[in-house]
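For reference, the structure is listed below as structure tokens.
The values are calculated or read from the model by the stated rules, or taken from the named source; none is laboratory data. Worth saying up front: this structure is predicted, and the values here are computed from it rather than measured. Neighbour counts run over all protein chains shown; Cβ positions are idealised from the backbone, glycine included.
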Amino acid sequence: MRTAECTRLEVERMKVAIITSSDSGYAGAREDLSGKVIEDIVREYGYEVSEKILLPDERERLSEAMRRIADEGSAQLILTTGGTGFSPRDCMPEATMDVVERIVPGIPEAMRAYSMQLTKRAMLSRAAAGIRRSTLIINLPGSPKAVRECLEYIIPELSHGLEILTGQASDCARSYKK
């Protein structure tokens, strides 16, 4: 019989920062519907939204926002939306890779694999994920529908990784009993 044992330390409410990359949204020509979807889902799962940022598709500004949030420790999770496609201005994965210290390829791989069951266009996603200090950064797609599909797929598993990353859980090796 296999059991998973994990001793939880005192768990505090995890904070999430949401960063939307959109030239048209930043210019006020388009409402940030994807950021709102993220906010609704994370609140439903018990996370606290520490800040929401809407920026243009500018690599330096996006990476600076992620760097600041992670370095200040103001959020344990940064969820981004937009800028993961093929448009010449799409630069979210590059901005993310500019700031992460360790990559987490399994998360975007899982989102793409799941999304491929819904649309073959999921193979076109350039989303990335990684860790800076004690903050996990995950790129989500730009469309509200795709954001909902991807985030609802991965969010149940994120709490465990975040608890390990932030030291809120320990002794998480699996034990096997016959």
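What residue, among those in segment 143-154 that are buried (at least 19 other Cβ atoms within 10 Å of the Cβ) and touching a residue at least 60 places away in the same chain (Cβ under 8 Å), is nearest to residue 77 (Cα to Cα)?
Out of the qualifying residues, it is 151.
Every residue in segment 30-48 that is without any contact (Cβ under 8 Å) to a residue 40 or more places away in the chain, surrounded by 17 or more Cβ atoms within 10 Å (Cβ to Cβ) and not charged (D, E, K, R), please.
Within segment 30-48, just 47 meets the criteria.
Please find, among 30, 61, 43, 2, the residue that is modelled with pLDDT under 95 and either closer than 22 Å to residue 146 by Cβ or of a type in the set (Lys, Arg) (or both).
The match here is 2.
Any idea which of (1) surrounded by 21 or more Cβ atoms within 10 Å (Cβ to Cβ); (2) out of contact with any strand residue (DSSP E or B) (no Cβ under 6 Å at 6 or more places or on another chain) is the one residue 69 doesn't satisfy?
Of (1) surrounded by 21 or more Cβ atoms within 10 Å (Cβ to Cβ); (2) out of contact with any strand residue (DSSP E or B) (no Cβ under 6 Å at 6 or more places or on another chain), only one is false for residue 69: (2).
Report yes if residue 106 is of a type in the set (Gly, Ala, Ser) and exposed (fewer than 15 other Cβ atoms within 10 Å of the Cβ), otherwise no.
yes
Give just the number: which of (1) free of Cβ contacts under 8 Å to residues at least 40 places away in the same chain; (2) closer than 24 Å to residue 162 by Cα does residue 65 not satisfy?
For residue 65, the exception is condition (1).
If you scan segment 50-66, which residues turn out to be in contact with a strand residue (DSSP E or B) (Cβ under 7 Å, 6 or more places away or on another chain) and either closer than 19 Å to residue 22 by Cβ or β-branched (Val, Ile, Thr) (or both)?
Result: 51, 52, 53, 54, 55, 57, 61, 62, 65, 66.
Filtering segment 5-27 down to residues that are assigned to a loop (DSSP other than H, G, I, E, B) and at pLDDT 95 or above, which residue is nearest to residue 59 (Cα to Cα)?
Within segment 5-27, the match that is nearest to residue 59 (Cα to Cα) is 22.
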